[in-house]
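Okay, structure first, notes after.
The values are calculated or read from the model by the stated rules, or taken from the named source; none is laboratory data. Just so it is clear, the model here is predicted, and its values are computed rather than measured. We place every Cβ from the backbone using ideal geometry, glycine too, and count neighbours over all the protein chains shown. These area figures cover heavy atoms from the full protein model, side chains too; ligands, DNA and RNA do not enter into them. Shrake-Rupley method; radii C 1.70, N 1.55, O 1.52, S 1.80 Å.
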Amino acid sequence: MINRVSTASQYQNLTSNLMRKQGELNQTNGQLSSGKRVETAGDDPVSSVTIQNYRQQLTQIDQYNSAITLANNRLQTMETAIAGVEDNLGATKQKVLGMINGAMASNDRTAFKDELISLRDGLLELANSRDEAGNYVFAGSQSDTKPFMEATDGSMGYHGDSQSRYAQIDKSVNVKTSLPGDQLFTDVPNSYGDYRPVFSDGAGGLTDGSKLHLLSATTSDFSSAEAIEVSFNEVDVAAADGTTTKEMQYNLTVGGKVVAANQAYDSEQGIVYKDPAVADSATLNLKFDGISSGDSITLKPAQTINIFDSIQDAIDNAERPTSSPAAEANLQRVIDDLDSGFVHMNQQRSEVGTIMQQVDRQLEQHLDFELTLNQAQSGLEDLDYSKAIMDMNQQMMALQASQQAFGQTKQLSLFNYI
């Protein structure tokens, strides 16, 4: 049986074949131009889904890297500010040590007072530091609020909160990018423990020439802590052989109640007191040196100090007479506060440094993972140029052959067979 094929059907088949080969060649040319094997989902549906997942992960890594850049900027600003605070406290301590020198003239002490005021103002400027976006670094989460402002009485008030800001630098990793100002400047650990000394001259205070210094004052239960008063008196104690020796005795008052009277003071052990009438009562441990007969001191409960208040104490005592033992004792207390403040700032700076190391490690992990993803995506998406060029040459040859066949076929007619 002879199959009959219409001229129109034959023409349509040849045209479709020609257009298909032309399309394949155009696709290969497009791939060579872009360097991509997969440009649309139709090019390779399976690879296209995987490539899209890679792109989403790379976009997320870019977002985390941007957050890391911002976090590093804030941490560096904070670290620089804290380093400046350390320098400021060191310079302030040197000035106060100079003021304790009794040989200084009144003009010198006035000059030192002016320098202390300048150092305090510099410390205030550091406490109100801002980052590159204008946010206050030490205001907690209240980044638009100026954290420290001086009141009319000279005290320094904190107006931020006790929270920290965080940055997400990975799916489940958040790091601090700020420290609250109260943690740094108003909650400095009390170097004496749980109490702070209050000094005064004359009756009920320090005697002339006294060098009384509190070494430590702690309690086992701060929640029940009350004001303490301690007075010292040296007495003659008769021995069995008739000789007398000098003994330093103390009287201890807790919460306005005398709890120990005329007790011998042990310079090694200090004062250890526990209320015998109360079960599980708090234990007090107090140690002093430089005691003179007739000295009295008041201790007020306080586990932390405000470093601005300590510097203000130095300013207030700067021009007091050098003969005042209370003034000298207050300045010595300021030095103890500054030492504690310096250690505290160093610890806070170390915390910032630890966070910076964590951020750097996270950045390295992101960069490594980003490289792995790029390589995997490239393996699926990028074009193999040598193979593509060979395919293009074959497609061009096939297209040319099809074009020649089409040219010859379309000229045929029934008369060619007669």
Q: With all distinct Cα pairs included, what does the Kirkwood hydrodynamic radius of segment 84-185 come out to in Å, to one decimal, could you say?
A: 15.6
Q. Given the protein chains as shown and a 1.4 Å probe, how many square angstrom of His366 are accessible, to the nearest 10?
A. 10
**Q.** Radius 12 Å from Cβ of Ser350, net charge of other residues (Lys, Arg +1; Asp, Glu -1)
**A.** -2
(Q) I'd like the carbon and sulfur percentage of the solvent accessible area for segment 239-335, probe radius 1.4 Å, heavy atoms only, ligands and nucleic acids excluded. (A) 45
Q) So what's the gap between the Cα centers of segment 125-145 and segment 199-264, to the nearest angstrom? A) 46
Q.
How charged is the neighbourhood of Gln168? Take every other residue with its Cβ under 15 Å from the Cβ of Gln168, and add Lys/Arg as +1 and Asp/Glu as -1.
A. +2
Q. In a shell of Cβ-Cβ distance under 11 Å around Phe112, excluding Phe112 itself, what net charge do Lys and Arg (+1) and Asp and Glu (-1) give?
A. -1
Q: Compute the relative contact order of segment 171-279 as a whole-number percentage, counting only Cα pairs closer than 8 Å that sit 6 or more residues apart in sequence.
A: 15
**Q.** Mean accessible surface per residue for segment 142-263, computed with a 1.4 Å probe while every protein chain stays in place, in Å²
**A.** 51
Q) What nm distance separates the two modelled labels at Lys146 and Gln168, each placed 7 Å from Cα along Cα→Cβ? A) 3.5
Q. For the pair Thr243 and Ser216, what calculated FRET efficiency results from E = 1/(1 + (r/R0)^6), where r is the Cβ-Cβ distance and R0 = 30 Å, to the nearest 0.05?
A. 0.30
Q | Residues with amide H under 5 Å from that of Ser178, placed H, sequence gap 5 or more | A | Arg165
Q: May I ask you to give the percent of accessible area on segment 90-144 that is carbon plus sulfur, with a probe radius of 1.4 Å?
A: 46
Q. Which length gain, in nm to one decimal place, applies between Asp236 and Ala91 when the Cα-Cα distance is subtracted from 0.36 nm times their residue separation?
A. 47.6 nm
Q | Globularity index of segment 169-274, i.e. its alpha-carbon radius of gyration over 2.2 N^0.38 Å | A | 1.65
Q: Give the relative contact order (percent, whole number) for segment 249-311; include only Cα pairs under 8 Å separated by 6+ residues.
A: 19
(Q) Test of understanding: extend the Cα→C-beta vector of Ser224 to 7 Å, then name every residue of segment 244-288 with backbone N under 14 Å from that spot. (A) 254-255, 273-285
(Q) If you take every DSSP beta bridge fully contained in segment 199-308, what fraction is antiparallel? Give it as a percent rounded to 5. (A) 95
